[in-house]
């Protein structure tokens, strides 16, 4: 889903960002049937319909040598569905546009099996799409359609609030780093990249408890996506280094480097959310929903995302997330 | 918008068609919030929301040497909006996914200007999207979102009905043929390719008159899209050669060959519709709506699309429309 902050991250701080900001600012006034337009994880229409689109491009978001065609389909759908989780919306349907190269040929049946499995895992169906050949890479664009009476936005964080994440971070980025080093990733790491789980159920639990002031999915890395929350809310977020829930398998594989993977490696597709201070009992979520939530920081006055070390030093995380355009390490492949 | 018949046309009659049929047949049962799923020009949700997605791929649907980046944007949006016309839906919004190469760089501001102009021409706004770089061609996927209380489907044609088209056919295909021959197209032909007009207003006029039993937009060529109507309705359609409204500029450029361009050249984005016999007075539409409609044939028992010559001979139009996969002449470029 495009948004100013997200695009800033992806496009880097240079001229392209300015181009894209104009791209979005040129948008005409929203029609009355549109409740939420550009700038959040998804658009919201009258009647509570939620729409988001997510593009997966070979050699940018994945390599065909890394994962199977079925996993490419699963992952493309899961990534789009994650944006519905980020609005606390209930998935209904997907539309899928595919441009597929013929050489080497894509197994469209396997691709579809993956797309369908991801859709079915959250009760959605594929209701349309488009198909073309591609003279270049494989492109898969997935539109996720959901519904909610109460979309949770990015802009509700206030100074004093707590910042939380679900699950553990760093696995998908660790798998990518292993692939890029020419190794087969550890199975636990590989699975998080190949078959991410959109946190639809987790979002429902959080909303059911009525405690969430702001919500986003972690697709660009915790630093980057916390940055989107902070920017949308006009606040600063301070993350505590010792509290970042780094996946054990990522720690086993990369030791101290795993922190950077958890902060900057995107595509874990966990949720980051903000609550009033002291209202969340992690044990309650664990016991009643089987959902691990970890407080990773706080919201303060100011701007940007900062990391506080164990010794209390704070440093700004100037670059967050994964950047398709400026060839950060990670998934860039050319 | 994918559909069985449309994909059959695009993928050709070979193994790929079978793959794609399985692709669609694997779709799970539709959720209760979905009124119309795969198989028409667009999907329809509860509350009358209409969704369709349309993919434009460089070197498949257009060449960057043919039209400007602004025109690429305009055309990509117009093509998606045409699917809303084909459901007689009122446009509300677009979501746009773009994967853009850096060399030669795409002018994203110009691309957006074209997308926005096409959206504004029918009262819609761009409310979201996604953006990536592309290691290959420029790729633009446009989701068009509309609304209608009374979607007009493809499956309402009955033996004895009349078959009509709006406007004139063959211009866009004539422009492509001129480009492929190394010439600059005539301006009137070029404009139909570069800035097609989605027939939103025409669809409203037709629906307002309450005469339309089935409706489709002509994106694959009259033969191909009449074939989709015939297949969806379980009928045969006979087109009368002498009645096909060939654009004068296409006739001027290609003489007798212009008939084939009108029948098989896609992307004029006029409408093809079916009515009870004798209920349409073309003069009324011309006078009250400024809308040219031409009766081009009739619906009969049977299957397929046939062409009746002036002498009364009938031949089946076995190949309809533009096929991305089997390299028909037209827009294929490799």
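Each reported figure results from applying straightforward, stated rules to the coordinates on display, with no laboratory input. This is a predicted model, so every value here is computed, not measured. When we count neighbours, we look across all protein chains shown, and the Cβ atoms used for this are built from the backbone with ideal geometry, even at glycine.
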Legend entry - Selected from A:180, A:153, A:195 as most flexible by GNM, with chain A as the system and alpha-carbon contacts under 10 Å: A:180
Legend entry - Relative contact order (percent, whole number), chain A, Cα cutoff 8 Å, 6+ residue spacing: 22 percent
Inset, instruction - Specify, for chain B, the residue whose C-beta is closest to the rotation axis mapping it onto chain A, with the distance given in whole Å. - result: B:136, 1
Inset, instruction - Give the share of C-alpha pairs in each 10 angstrom bin for region B:31-147, from 0 to the last occupied bin, in whole percents, shortest bins first. - result: 15, 46, 28, 10, 1
Legend entry - Label-zone membership for region A:223-245, site residue A:310, 7 angstrom Cα→C-beta point, backbone N under 11 Å: A:242-243
Inset, instruction - Determine, for A:162, B:186, B:252, B:161, the number of other Cβ atoms within 10 Å of each Cβ, and report the residues in order from fewest to most. - result: B:252, B:186, A:162, B:161
Legend entry - Label-to-label distance, nm, for residues given as residue B:248 and residue A:117 (7 Å Cα→Cβ offset): 6.0 nm
Inset, instruction - Please arrange A:281, B:213, B:313, B:225 by counting, for each residue, the other beta carbons lying within 10 Å of its beta carbon, fewest first. - result: B:313, A:281, B:213, B:225
Inset, instruction - Over the alpha-carbon set of chain B, work out the extent along each principal axis and list the three values in angstrom, largest first. - result: 54, 51, 46
Inset, instruction - Please work out the FRET efficiency for the pair residue B:294 and residue A:288, using the Cβ-Cβ distance as r and a Förster radius of 56 Å; give the result to the nearest 0.05. - result: 0.25
Legend entry - C-alpha center-to-center spacing [region B:272-318, region A:190-219] in angstrom: 53 Å
Inset, instruction - Take the Cα gyration tensor of region B:217-310, multiply each eigenvalue by 5, square-root it, and list the three semi-axes largest first, rounded to whole angstrom. - result: 20, 19, 12
Inset, instruction - Using only the alpha carbon atoms of the protein assembly as shown, find the Kirkwood hydrodynamic radius as the inverse mean reciprocal pair distance, in angstroms to one decimal. - result: 25.5 Å
Legend entry - Cubic angstrom per residue, convex hull over Cα atoms of region B:130-266: 152 Å³
Legend entry - Label-point separation in nm, residue B:184 to residue A:47, each point 7 Å along Cα→Cβ: 4.8 nm
Legend entry - Packing-based exposure ordering (other Cβ within 10 Å, fewest first) of A:317, B:263, A:261: A:317, B:263, A:261
